[in-house]
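Please read the structure below before turning to the comments.
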């Protein structure tokens, strides 16, 4: 619980008030050539993320990520899709080679559709605001993680825990931004996205992951702002890892 509590207050303040909805950063924790990592995560808002990575060599990897969301409420509908690709460097270090450093960069694109409704006191619809936009994205990302540094006891069983953090910088720019059918000026922003994650080891290949974090916009924008945080739970699978690197 000490891991989760510091982030709860930030997460409760998050809302889908921005065109850009950050995805769960890809943190594959790769260790050796031929290793494959895949993860599926979902947030409380219903944002589903899929991350995958493949270690082409002992230090070079390819990434592919995607996200989709369809959140419909009385006063607000949010639909969002995103896909991105990347590549980068990874290495293990430390006395037991149980610490992992990963540096990735990539690009992607997304599409957002938001509907805001205003009602009077008798619940009659007064106004509808439809916002549709596509956006392009570039990112750079630094991951640091440590393997099997602690244990967690649940129902009398000890589970190993892995910890990590990812710092991502995303460069986002809208295109084809329409509001109620009228073309709007495009916006751009730079987001700093620090994320922390904890993994509970279920087996040599499968881990449960809890992810929390936020994003900060370096520019003041009306629609492309830092209105969303990252909070999700998911499952991560690593295949092809050499036994000398542990779980």
Among the residues of segment 71-100, the number that are under 16 Å from the mean Cα position of the chain (by Cα) and buried (at least 18 other Cβ atoms within 10 Å of the Cβ) is 4
When (1) outside any loop (DSSP other than H, G, I, E, B); (2) out of contact with any strand residue (DSSP E or B) (no Cβ under 7 Å at 6 or more places or on another chain) are applied to residue 123, the one that fails is (1)
Picked from segment 37-70 (must be over 16 Å from the mean Cα position of the chain (by Cα) and crowded, with 17+ Cβ neighbours inside 10 Å), the residue nearest to residue 96 (Cα to Cα) is 55
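Identify all residues within segment 223-247 that are out of contact with any helix residue (DSSP H, G or I) (no Cβ under 7 Å at 6 or more places or on another chain), modelled with pLDDT under 90 and surrounded by 21 or more Cβ atoms within 10 Å (Cβ to Cβ); write none if there are none.
Going through segment 223-247, the residues out of contact with any helix residue (DSSP H, G or I) (no Cβ under 7 Å at 6 or more places or on another chain) turn out to be 223-228, 230, 232-247.
Filter once more, keeping what is modelled with pLDDT under 90: 226-228, 230, 240-247.
Those that are out of contact with any helix residue (DSSP H, G or I) (no Cβ under 7 Å at 6 or more places or on another chain), modelled with pLDDT under 90 and surrounded by 21 or more Cβ atoms within 10 Å (Cβ to Cβ): 226, 228, 230.
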Within segment 81-96, residues at pLDDT below 95 and in contact with a strand residue (DSSP E or B) (Cβ under 9 Å, 6 or more places away or on another chain) come out as 92, 93, 94, 96
If you go through 140, 103, the only one that is surrounded by fewer than 19 Cβ atoms within 10 Å (Cβ to Cβ) and within 29 Å of residue 46 (Cβ to Cβ) is 140
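The values are calculated or read from the model by the stated rules, or taken from the named source; none is laboratory data. Just so it is clear, the model here is predicted, and its values are computed rather than measured. Quick reminder, even Gly has a Cβ in these numbers, built from the backbone with ideal geometry, and neighbours come from all protein chains shown.
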